[in-house]
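Have a look at the structure below, then the notes.
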Amino acid sequence: MADETVIHRGLDGVVVDSTRISKVMPEINSLVYFGYPVQELAEHCCFEEVAWLLWHGELPNAQQLAAFQADGRSRRHLSKELLAVIQKTPRTAHPMDLLRTAVSFLGMEDPAPDKEDAAANLDRAISMMAKIPIMLGSFYRVRKGLEIIPPRSDLSFAQNFFHICLGQAPPSEVVRAFEVSLILYAEHGFNASTFTARVVVSTLSDIYSGVTAGIGSLKGPLHGGANEEVMRMLLEIGEPARARDWMLTALREKRKIMGFGHRVYKKGDSRCPTMHKYARQMADLTGQKQWLEICDILAETMLKEKGIYPNLDFYSGPAYYLMGIDIDMFTPIFVMARITGWTAHIMEQLAANRLIRPLSHYTGPAERRVVPLVHRG
Ligand code: COA
C-alpha cells in the first residue's frame, strides 16, 4: 500500500454502501425512516407501525397493522429450554449479556438457521421482536427472585413489557413515553451495531449471528451503553446546584461526558427535542424534577464550554429512570427497539450482498526470516 494512503480512522466520513431505510441529515438536524421524519412517527404512530415501515418500506394500513400485531402477539413465548437458560443465568449478569446469549440460543432452536431467503428472515425478525422483551422481562423477574409473569396477547408491545416486568401497566402517559423512546431508537443508519450486523451477514452468516453481534456492539458505553452511564452520572451529581461545577471539573480533567457528542450530528441530535419533551412529562408526573434540571444545566454548560450537544441517550436515560426502570435495563430496552432496524439492514444487505472487507495500513516490522526455536536465544 502506498505511503500516501489516506486512513479514515473509525471509518469517519466513509460511505460504505447505500441504504433506503433511513437518512441522517446533520445539516438540517433531521432523521427520516423511509422518508418520514422520526418526530412525526413518534407523535402519530405506535411502535409496531414503525417496525412494519422499517421492514416493508411503507406504513401499514389498518388491516395490515391489525394482522401484524396479532401475529407478533401470538409469538410472545419462549421455549421451556430457553426459559431454563434464563433461570440458570447468574443473577449478577448484565441483561445485555443475557440477551446476547438468549438470541444466540434462539438461533440454535431454529431448525434451518442458514435458510437465507427474505421471507424466512422477515419471519425470524418478527419473532425476535416479539421474544426479546419476554427474555428481558423474564430475567428481570428471575434475578429478583420473583415468579416469571406470562405475557398477555391483549396488551400492546409497550404495555406488555411493563406487565411482564411489574405485573401491571403504568399510567398511559408512561407507556406512551416509553413507546416514543422505542420509535426514536428503532433505526439510525450505519451506526456501529447496525454496521456490525451488516458485516456479519455479508459473509452469508445467519441473521441470529448478525443480531447477536449487534447486541455486543451496542453494549459499549460509546454506543448504546451511554444511556445507563448518563443516569449514573446524574445520580453522582445528585442536585442541580452541583451540576455546573461538576461539568467544569470533568471538562478540565478531559473526561468523556456520557450522553454528549455524536459522530454524525455536530449541531444537535434530531431525536433530542422529542425525547426531552417526554422526559419532562415523566418529571412532571413523578414530581422528581431534579434530574432534568441537572440535564439542562449540563447541556447549557457543555454547549458554552465545548460547543458539543447532547444525544438521545442523554434524555432517554433519565426518562427510563423516572418510569421506575432499573438502570441496567436501559440498553437492553434499546435492543428491543433496534432489533427492527438491525433486521431491516440485515435483509437489505442480503438482498444485494457484497462481502464487507476493508483494508488496513500495515505498520508492523519489515519482512524478516523465522529463526527456528532451537536457535532462538
Ligand atoms: N465529552 C467530552 N468531550 C467530547 C465528547 C464528550 N461526550 N464527545 C466528543 N468530545 C470531544 C472530543 O474529546 C474531541 O475533542 P478534541 O478534538 O479536543 O480531542 C471532539 O469532541 C471530537 O470527538 P471524537 O471523540 O473525535 O468524536 P467521535 O465522532 O469519534 O465520537 C462519540 C463520537 C459519540 C463516541 C463521542 O462523542 C462520545 O464518546 N460520546 C460519549 C458517549 C455517548 O454519549 N455515546 C452515545 C452516542 S449516541
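The values are calculated or read from the model by the stated rules, or taken from the named source; none is laboratory data. Nothing here was measured: the structure is a model prediction, and the numbers come from that model. Note that each Cβ is placed from the backbone with ideal geometry, even for glycine, and that neighbours are counted across all protein chains shown.
Key figures for this structure:
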item: The listed residue being within 16 Å of the ligand (Cβ to nearest atom) and under 20 Å from Ala118 (Cα atoms), out of Ser18, Ser22; result: Ser22
item: Qualifying position, being without any contact (Cβ under 8 Å) to a residue 60 or more places away in the chain, of a type in the set (Gly, Ala, Ser) and more than 30 Å from Asp284 (Cβ to Cβ), among Ser74, Ser127, Ser153; result: Ser127
item: Ala299 being hydrophobic (A, V, I, L, M, F, W, C) and touching a helix residue (DSSP H, G or I) at 6+ places or on another chain (Cβ under 6 Å); result: no
item: Any hit, region 123-132, residues being hydrophobic (A, V, I, L, M, F, W, C) and either more than 20 Å from the chain's Cα centre (by Cα) or in a loop (DSSP other than H, G, I, E, B) (or both); result: no
item: Residue selected from region 159-208 under the condition outside any helix (DSSP H, G or I) and within 30 Å of Gly145 (Cα to Cα), by the criterion modelled with the lowest pLDDT; result: Ala169
item: Residue list for region 296-315, filter: within 26 Å of the chain's Cα centre (by Cα), within 13 Å of the ligand (Cβ to nearest atom) and either in a helix (DSSP H, G or I) or among the hydrophobic types (A, V, I, L, M, F, W, C) (or both); result: Leu298, Ala299, Met302, Leu303, Ile308, Leu312, Asp313, Phe314, Tyr315
item: Unique match (being away from the ligand (no atom under 16 Å from the Cβ), on the phi > 0 side of the Ramachandran plot and surrounded by fewer than 17 Cβ atoms within 10 Å (Cβ to Cβ)) among Gly35, Gly10; result: Gly35
item: Which numbered condition Arg252 fails, given (1) within 13 Å of the ligand (Cβ to nearest atom); (2) surrounded by 17 or more Cβ atoms within 10 Å (Cβ to Cβ); (3) free of Cβ contacts under 8 Å to residues at least 60 places away in the same chain; (4) not β-branched (Val, Ile, Thr); result: (2)
item: Filtered residues of region 220-246 (kept if surrounded by fewer than 22 Cβ atoms within 10 Å (Cβ to Cβ) and outside any helix (DSSP H, G or I)); result: Gly220, Pro221, Leu222, His223, Gly225, Gly238, Glu239
item: Output for region 192-228, where each listed residue is within 16 Å of the ligand (Cβ to nearest atom), touching a Ser or Thr at 6+ places or on another chain (Cβ under 7 Å) and among the polar types (S, T, N, Q); result: Ser193, Thr196, Ser217, Asn227
